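Shown next, in structure tokens, is the structure this report addresses.
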């Protein structure tokens, strides 16, 4: 195990973006003890995710902001190092050969451990497309915990333990799902619960039984055909999630409506390698429905999305790329991990759902303005 002095020297001497990423991730992979505040636990959990997001976005940052963006990576790593180490063998030296493709993404996506953030780190690691043993060690530790606890189902979403209804659903829902998601997910009945705890919030909303009918409907779609295409439903769901940032007031924007996008976005990113794609859509829907039930005050209507729709999708992404990279540049020189995660998700969602690029730009822009103010 390298000494703290050596780790900091590597961080300070890093010249390329890759060297900086490797040096920072080598620091944030070591298990740490949080202090007394909840913010400490959140920072420790988010640091590996934040480092990955910032590294991915660095090539998109304007030249005038690059040094500020690189500085934030260093500051995150240095702040992380200041926490006390956990008295366990270093994860970097104890994990065996790791293959991300062997991860059960269904089990990860339906788990409430790590505030449901494990899929975010896995999706970001996949997006980077390069080997990094430090991030692999964090993923390996997460996977061990998820597999260990999932055996007793204690950390899994409640509907995974239910015998779901096999009702027949029209295949039209797959082709035109947007109105369904707005009506049933965007306008789910209010539930009183802990908005500050992702696991507690999901458990509270699931206890109300308001989510189960949604899960059963999606399950029936999956049963309709083995070749069911879930791209359109995922797009519709993420539009509801992003619209939440725009129509609601800023009270829950930083730590609520951000998660309403970043967690389902990660699950969608992982769905291509899932054995049960319908279950991935069910997991993502559970999160969006939870945040809408706990924090949604404004009624959603389909017309609210009309202003963000552009029919000619072929030139749209290039047209809006400059706007989004400006938001990314400003986000990357600010401190918060949630802002950077959200900018990353909105950028990727523009590529996945280009006809609604303006929606994701507007959502990321609003969050950035909240942080500026």
Q. Per residue and in cubic angstrom, what volume does the convex hull of the Cα atoms of segment 180-267 have?
A. 106
(Q) With 10 angstrom as the radius, rank 238, 294 by how many other C-beta atoms surround their C-beta, starting from the fewest. (A) 294, 238
Q | Mean separation of Cα contacts under 8 Å (6+ apart) over length of segment 4-150, as relative contact order % | A | 30
Q.
Quick check: the distance between the Cα centres of segment 225-276 and segment 10-39, to the nearest angstrom?
A. 29
Q) Once the piece of chain linking residue 335 and residue 147 is laid out straight, how much longer is it, given 0.36 nm per residue of separation minus the C-alpha distance between them? A) 64.4 nm
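Give me D for the chain in µm² s⁻¹, whole number, from Stokes-Einstein with Rh from the Kirkwood sum over alpha-carbon pairs, 10 °C and 1.306 mPa s.
Working: Rh = 21.1 Å.
The diffusion coefficient I find is 75 µm²/s.
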(Q) Given segment 158-372, report the % of alpha carbon pairs whose separation exceeds 28 Å. (A) 25
**Q.** Expected-Rg normalisation [2.2 N^0.38 Å, Cα atoms] applied to segment 222-313
**A.** 1.14
Q: Please give the FRET efficiency for residue 66 paired with residue 199, using the beta carbon to beta carbon distance and R0 = 51 Å, rounded to the nearest 0.05.
A: 0.85
Q: Treat the count of other C-beta atoms within 10 Å as a stand-in for reagent exposure and order 292, 70 from fewest to most.
A: 70, 292
Q: Using a/c under 1.5 as the rounded threshold, could you call segment 291-360 rounded, prolate or oblate? The axes a ≥ b ≥ c are square roots of the C-alpha gyration tensor eigenvalues, and prolate needs a/b larger than b/c, oblate otherwise.
A: oblate
Q) How do 301, 261, 163 rank when sorted from fewest to most other Cβ atoms within 10 Å of their own Cβ? A) 163, 301, 261
Q.
How would segment 4-150 be classified by its alpha-carbon gyration tensor: rounded, prolate or oblate, with rounded meaning a/c under 1.5 and the a/b versus b/c comparison settling the rest?
A. prolate
**Q.** Cα gyration tensor shape of segment 256-373, rounded if a/c is under 1.5, else prolate or oblate by comparing a/b with b/c
**A.** rounded
Q: Note down the nm distance, to one decimal, between modelled labels 7 Å out along Cα→Cβ at residue 310 and at residue 12.
A: 4.6
Q.
So for the chain, averaging the separation of alpha carbon pairs under 8 Å that are six or more residues apart and normalising by length, what relative contact order in percent results?
A. 21
Q) What does the helix-only formula give at 222 nm for the chain: each DSSP H stretch with n ≥ 4 adding -39500 (n - 2.57), the total divided by the residues, and the result rounded to the nearest 500 deg cm²/dmol? A) -19000 deg cm²/dmol
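Every read-out reported here was derived from the displayed coordinates using simple, explicitly stated rules and does not represent laboratory data. All figures in this text were calculated on a predicted structure; none of them were measured in a lab. As a convention, Cβ positions derive from the backbone with ideal geometry for all residues, glycine included, and neighbour counts pool all protein chains shown.
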